[in-house]
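Let me begin by presenting the structure, written as C-alpha cells, before commenting on it.
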Amino acid sequence: MTANILVLDEGTTSTRAMLFGADGRLIGSAQQELTQIYPAPGRVEHDAREIWHRTLACAREMVEKSGGAHNVAAIGITNQRETVVAWDTATGEPLANALVWQDRRTADFCMTLREAGHENDVQRATGLLLDPYFSGTKMRWLVEHEPAVAGAAKAGTLALGTVESWLVFKLTGGALLTDASNASRTLLMRLDGSYFDPGLCDLFEVPHSALAEVCDNAGNFGSTLPELFGTPIAITGLAGDQQSATIGQGCLSPGETKATYGTGAFILANKGRDIPASANRLLGTVLYQLGGERIYALEGSVFVAGSLVQWLRDSLGLLGTAAETETLARSIPGSGGVVIVPALSGLGAPHWRPEAGGVIAGLSFATGRAQIARAALEAMAHQTDDLARAFAADGAEWTSLKIDGGMSANDWMAQDIANILDLPVERPTFVETTAVGAAMLAGVGAGLFASLEDASAAMRGGIDHFTPRMSPEERDIRRRQWSKALSAA
C-alpha cells in the first residue's frame, strides 16, 4: 500500500482533486469548471449537484491514477468557505441552488441588524462583521425564500452547511460535520465556543437543528461509501481554503502572515491561542483546531482579485488569457494614470462597503489594453497595502509576507506587491498551498505525521524571494492615485 493523500479542493470557479505523496510531491491533478449562475445583479449561485458530481469525477480520476483506493491513505477537503448549501437529509438531494460567498442579496438584512445596534456584540462574539459575505444570513434567506428549504425545516430533515459539509455528507452517506475553521465563518459560532450558539442562531433566524456538529480540522471524520471508489477511504482533514493555505505556507507560529490571491484575496496572520479583536474592521477567525485546542488568526478579506482578470477576459474581451496580464504589464513603463478599484462585489476589509461599485479612473485616449491590464495587477498591491495598514493599527505589523494562490504565479504582480508594501515577499515554488495545507491536515489526521510542524517539514518545497525596489516618491504617487480612486468607489 502507498500512503498517498487525496485532496478535494473546492474553489469558486472550479473543483479539483489533487494527489500527493507523503513527501509533498504532486502526483496528479484533475479539474473541472463550475457553472457560475448570476440570476440578478449581486446574486451568485452554484448548482450543488454539479459540485458533487464534478468533484466525484475528479476524485475518481485521481484514485485511478494512484492505482486504486488501497493506495490512498486519506482524503483532505478544503473549500471556499462561506458558500451555503441546503439539502434534505432524507433524500440526500439539494433543495435549492447554493448561495456563493460573493452573493450580496442579504445586504438589507445586515443593514437592519446594524441599525438595531447588533454589530458590536456580534463582532465580540464571532470575530466577524455584519456583512452578506458570511454564511448565517444566507442560511436565513434560504429558509425564508425557498419553499422546499422551509418545508424540510418543518419536517426536521433540513441540513444547512458549507461546501465541506455537503461533500462529507455525500461521500460518507450521511455524516453531518463541519470543521471549526468553516464554522467560524458563519456568524453562528462564538470564537470561544465549541458549537453553534443557539442565541446567535435565534438572532439570525437560522434553525439550530439544521446545523452540523463542529469538529477538529484533523481526525477521523468517517470513510467514503464503498461503491464510490471500490474500497472505503478515510476522510481525515477538513479546512476552509484560507486557513488551509495558511497552514500550507507553514505559518504555524504567532505573527507569521500569508496572502492568497485567487478569486478573491485573503490575508491571515497567526495569532496563536489569543482570541483576536480588531479595532480596524479586520476579522477574527479560527485558524485550526486540533484535540479541541484552537489556534486563531486575524484576517483581512478582499472580494475581488483573480475574478477581476477573469472579468476583463470574459466580459470585456480585453484579454485572451489571464497569463497575458504579465506580458502587458511589462510592455509599458506605467499605467498612464489608470487606476482600477475592483469593487465588483462591494468592498471588503478594511472598508466593508457592500454598496460600493467598481471604478476605472484616469482613462484617456492613450489608454489601451496594456494600461488596463497593468492597473488591474496594481490594484492587488494597493488592496494588500490597505490591509497592511489595518493590521499594523491592530498591533499585527508585518515584517514580511508569504503569498500564494494561482494569481501569485505572476512575477510582475509579486514584485509590485513587494514594492508597494516596501517589504520582502516570499512565494513557494509550488503556489497551490491551499491543497498542501489540506494534505498536511489529512496526513496528521491519518497518523502519517505526528504534528503539523512535522507535516510542514516533510511537504513544503522551495521559496522564491521578491525584495522592494521602488523609490519612495513613486510609491507615494501610486498611493495617492489609489486613494483618490478609492474615494470615488
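The values are calculated or read from the model by the stated rules, or taken from the named source; none is laboratory data. The structure displayed is predicted, hence computed values, not measured ones. Heads up, the Cβs are rebuilt from the backbone with ideal geometry, glycines too, and the neighbour counts pull from every protein chain shown.
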Exercise. Are any residues in region 441-478 aliphatic (A, V, I, L, M), under 30 Å from ASN419 (Cβ atoms), touching a residue at least 12 places away in the same chain (Cβ under 8 Å) and surrounded by 13 or more Cβ atoms within 10 Å (Cβ to Cβ), and if so, which ones?
Worked result: MET470
Exercise. Which of the residues that make up region 264-288 are of a type in the set (D, E, K, R) and in a strand (DSSP E or B)?
Worked result: LYS271
Exercise. What about ILE27, is it outside any loop (DSSP other than H, G, I, E, B), over 26 Å from VAL444 (Cα atoms) and aliphatic (A, V, I, L, M)?
Worked result: no
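A quick yes/no check of all residues on (1) farther than 23 Å from GLY127 by Cα; (2) crowded, with 24+ Cβ neighbours inside 10 Å:
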{"site": "GLY173", "(1), (2)": "yes, no"}
{"site": "SER181", "(1), (2)": "no, yes"}
{"site": "SER194", "(1), (2)": "no, no"}
{"site": "ASP202", "(1), (2)": "no, no"}
{"site": "ALA210", "(1), (2)": "no, yes"}
Exercise. In region 336-350, is there at least one residue being at positive phi and assigned to a strand (DSSP E or B)?
Worked result: yes
Problem set entry | Test: ALA366 is assigned to a loop (DSSP other than H, G, I, E, B), more than 22 Å from GLY461 (Cα to Cα) and among the hydrophobic types (A, V, I, L, M, F, W, C) | yes
For this session: For ARG81, indicate whether it is outside any helix (DSSP H, G or I), touching a Lys or Arg at 6+ places or on another chain (Cβ under 9 Å) and over 16 Å from ARG43 (Cβ atoms).
Result: yes
Exercise. Residues ALA392, ALA409: which one is over 30 Å from THR327 (Cβ atoms), surrounded by fewer than 23 Cβ atoms within 10 Å (Cβ to Cβ) and either more than 23 Å from the chain's Cα centre (by Cα) or at pLDDT below 95 (or both)?
Worked result: ALA392
Exercise. In the set ALA388, ALA379, ALA418, ALA392, which member is assigned to a helix (DSSP H, G or I) and under 23 Å from SER244 (Cα atoms)?
Worked result: ALA388
Problem set entry | Residue count for region 214-236, restricted to those that are more than 21 Å from the chain's Cα centre (by Cα) and assigned to a strand (DSSP E or B) | 2
Problem set entry | Matching residues, region 219-243, being over 17 Å from VAL163 (Cα atoms) and either touching a residue at least 40 places away in the same chain (Cβ under 8 Å) or buried (at least 24 other Cβ atoms within 10 Å of the Cβ) (or both) | GLY219, ASN220, SER223, LEU225, LEU228, PHE229, GLY230, THR231, PRO232, ILE233, ALA234
For this session: Would you check if there is a residue in region 48-59 being touching a strand residue (DSSP E or B) at 6+ places or on another chain (Cβ under 7 Å), surrounded by 15 or more Cβ atoms within 10 Å (Cβ to Cβ) and farther than 26 Å from PHE134 by Cα?
Result: yes
Exercise. Restricting the search to region 250-289, which residues are in contact (Cβ under 8 Å) with a residue 40 or more places away in the chain and of a type in the set (Lys, Arg)?
Worked result: LYS258, LYS271, ARG281
Exercise. So, of the residues in region 1-15 that are out of contact with any Phe, Trp or Tyr (no Cβ under 6 Å at 6 or more places or on another chain) and closer than 20 Å to PRO232 by Cα, which turns out to be surrounded by the fewest Cβ atoms within 10 Å (Cβ to Cβ)?
Worked result: MET1
For this session: Examine region 315-328 for a residue that is surrounded by fewer than 24 Cβ atoms within 10 Å (Cβ to Cβ), touching a strand residue (DSSP E or B) at 6+ places or on another chain (Cβ under 7 Å) and touching a residue at least 12 places away in the same chain (Cβ under 8 Å), and state whether such a residue exists.
Result: no
Exercise. Does any residue in region 130-153 that is more than 21 Å from GLU93 (Cβ to Cβ) come within less than 8 Å, Cβ to Cβ, of a residue that is of a type in the set (Ser, Thr, Tyr) and outside any helix (DSSP H, G or I) six or more places away or on a different chain, and which pairs are these?
Worked result: PRO132/THR106; TYR133/SER301; PHE134/THR186; GLY136/THR186; THR137/THR106; ARG140/THR106
Exercise. What are the residues in region 59-90 that are without any contact (Cβ under 8 Å) to a residue 60 or more places away in the chain and over 17 Å from PRO226 (Cα atoms), if any?
Worked result: LYS65
Problem set entry | Where GLN481 falls short, out of the listed (1) modelled with pLDDT under 95; (2) in contact with a strand residue (DSSP E or B) (Cβ under 7 Å, 6 or more places away or on another chain); (3) surrounded by fewer than 21 Cβ atoms within 10 Å (Cβ to Cβ); (4) of a type outside the set (Asp, Glu) | (1)
